[in-house]
1. Measuring from label point to label point, each 7 Å out along Cα→Cβ, what is the residue 75 to residue 102 span in nm?
2. Once Rh for the chain is found with the Kirkwood sum over Cα pairs, what is the Stokes-Einstein diffusion coefficient at 4 °C and 1.567 mPa s, in µm²/s?
3. Assign one of three labels to segment 68-111, namely rounded, prolate or oblate, based on the Cα gyration tensor with a ≥ b ≥ c the square roots of its eigenvalues; rounded applies when a/c is under 1.5, prolate when it is not and a/b is larger than b/c, and oblate otherwise.
4. How much length is gained on full extension from residue 118 to residue 25, taking 0.36 nm per residue of separation minus their Cα-Cα distance?
5. How long is the gain from residue 92 to residue 38 if the chain were fully straight, where each residue apart is worth 0.36 nm and the alpha carbon distance is subtracted?
6. Would you mind classifying segment 56-129 by shape? Square roots of the alpha carbon gyration tensor eigenvalues, ordered a ≥ b ≥ c; an a/c under 1.5 is rounded, otherwise it is prolate if a/b is larger than b/c and oblate if not.
7. Which of the peptides 30-41, 1-12 is most tightly packed, and how do the rest follow, judged by the mean count of other Cβ atoms within 10 Å per residue?
């Protein structure tokens with residue numbers, strides 16, 4: 001895969017006691033490298049404009065993301081407007097701190113399914129983690145996170 005990539009992160013969230021699901025999606029440019037069978041992706045996300053104009057908020061703090069994908073696990077480290085390190089491996093629980101501008105929370109993650117796919121002759125990598133997030137022992141959401149890395153064209 002080339003160094004310049006497009007990183008698409010999709011989240012599908014189901015919350016206890018709430019019907020339906022919430023979907024989030026971000027698309028960012030990133031950098032890719034491979035080391036000993038591990039896919040490493042770095043990219044920045046910017047907050048959406050609070051006024052709802054659709055313009056990215058590029059004058060403020062971005063969130064830097066480092067994603068490490070292996071065949072059996074994925075780690076996502078975020079620094080900036082949000083800070084956390086999440087580890088996804090099926091059957092392996094993970095306790096994490098989630099720091100925002102409003103304070104810090106402790107969360108517990110139970111990964112119920114993890115899969116990684118290499119496609120299009122190595123020009124695309126998809127990692128999916130299904131997991132349950134709890135805060136202070138209370139379930140907050142069931143989530144599917146899909147990270148899709150494709151070569152930038154052009």
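Read-outs throughout are calculated quantities, based only on the coordinates presented, and are distinct from any laboratory measurement. Nothing here was measured: the structure is a model prediction, and the numbers come from that model. Ideal geometry is used to build each Cβ from the backbone, glycine not excepted, and the neighbour counts take in all protein chains shown.
1. Distance between the two pseudo-spin positions: 2.9 nm.
2. Answer from the Stokes-Einstein relation: 79 µm²/s.
3. oblate
4. Value of the extension gain: 31.4 nm.
5. In short, 17.5 nm is gained.
6. Since a/c reaches 1.5 but b/c is at least a/b, the shape of segment 56-129 is classed as oblate.
7. Top of the packing list down: 1-12, 30-41.
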